[in-house]
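Peer 1: This is the structure, below, for whatever I ask next.
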Amino acid sequence: YSLEDEVSNNKFSAYEYRSIIQENRDMLIKNYDAAFEGNRHLANLDTEKIFSDRAAMLAELNARDQVQDNFKRSLRNKANIDLLDHKSELNARMAEVNEMLADANTQLNAANAKIL
């Protein structure tokens, strides 16, 4: 009889631990979603604002001749390149995180297969 009790207690403990693990996973996913949406949105807004401010400053520069006008255009082009480069870096980081999440999903699917 005590062996049956021990097996039942172990089964109960396993279910309890699994419930805790699932709660932690759910909290992690909620935290990830909130951080991703908020941080990415703020990073994009900040990037756009910085570029907008740079463009406004460059627009206010008065070119007195063709050389200065060419220089002003080159600064505007550099600002555009900087903006695109920064956005590209943000996208690369998002792709890296997406890959990590895909790997985690693969592991979760493998765990699910063992359950079934």
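The values are calculated or read from the model by the stated rules, or taken from the named source; none is laboratory data. Small disclaimer: the values here were computed from a predicted structure and weren't measured. Counting neighbours? That spans all protein chains shown, and the Cβs are built from the backbone with ideal geometry, glycine included. For the accessible areas, the whole protein counts, side chains as well, though only heavy atoms, and no ligand, DNA or RNA atoms are used. Shrake-Rupley method; radii C 1.70, N 1.55, O 1.52, S 1.80 Å.
Peer 1: What number of lysine-lysine pairs in the chain show an alpha-carbon separation below 23 angstrom, given a sequence spacing of 8 or more or placement on distinct chains?
Peer 2: 6
Peer 1: Moving on to the next point. Report which label in (i) 60; (ii) 56; (iii) 35 holds the value of percent of Cα pairs over 23 Å apart derived from the coordinates of this structure.
Peer 2: Here percent of Cα pairs over 23 Å apart agrees with entry (i).
Peer 1: Cut-off 18 Å, label point 7 angstrom out along Cα-to-Cβ of residue 107: give me the residues of region 29-43 whose amide nitrogen falls inside.
Peer 2: 29-33
Peer 1: Can you list the residues of region 101-116 with backbone N under 12 Å from a point 7 Å past the Cα of residue 14, pointing along Cα to Cβ?
Peer 2: 115-116
Peer 1: What whole-number value in Å² describes the accessible area per residue of the chain for a 1.4 Å probe?
Peer 2: 85
Peer 1: While we're on this one: What does the helix-only formula give at 222 nm for the chain: each DSSP H stretch with n ≥ 4 adding -39500 (n - 2.57), the total divided by the residues, and the result rounded to the nearest 500 deg cm²/dmol?
Peer 2: For the chain, the value works out to -35500 deg cm²/dmol.
Peer 1: When only DSSP loop residues count, what chymotrypsin sites (Phe, Trp or Tyr not before Pro) in region 1-66 have their Cβ near at most 14 other Cβ atoms within 10 Å?
Peer 2: 1
Peer 1: Tell me, in nm to one decimal, what length is gained between residue 114 and residue 21 on full extension, where the rule is 0.36 nm per residue of separation less the Cα-Cα distance?
Peer 2: 31.8 nm
Peer 1: About the Cα centre of the chain, what is the dipole size in debye to 20, counting +1 per Lys and Arg Cβ and -1 per Asp and Glu Cβ, all else neutral?
Peer 2: Charge dipole, the chain, about its Cα centre: 620 debye, nearest 20.
Peer 1: Hey, another quick one. Tell me which of 88, 42, 10 sits at the most positive position along the dipole axis of the chain, charges placed on C-beta atoms (Lys, Arg +1; Asp, Glu -1).
Peer 2: Final value for the positive-end residue is 88.
Peer 1: For the Cα atoms of the chain, what angle does the longest principal axis make with the long axis of helix 2-60, in degrees from 0 to 90, nearest 10?
Peer 2: Helix 2-60 sits roughly 0 degrees off the main axis of the chain.
Peer 1: Another question, if that's okay. With each pseudo-label sitting 7 Å past Cα toward Cβ, what's the residue 97-residue 57 distance in nm, one decimal?
Peer 2: 2.9
Peer 1: Please sort by residue number the trypsin sites (Lys or Arg not before Pro) in region 17-116 whose DSSP state is loop and whose Cβ has at most 12 other Cβ atoms within 10 Å.
Peer 2: Those that pass, being in a loop and sparsely packed, are 64.
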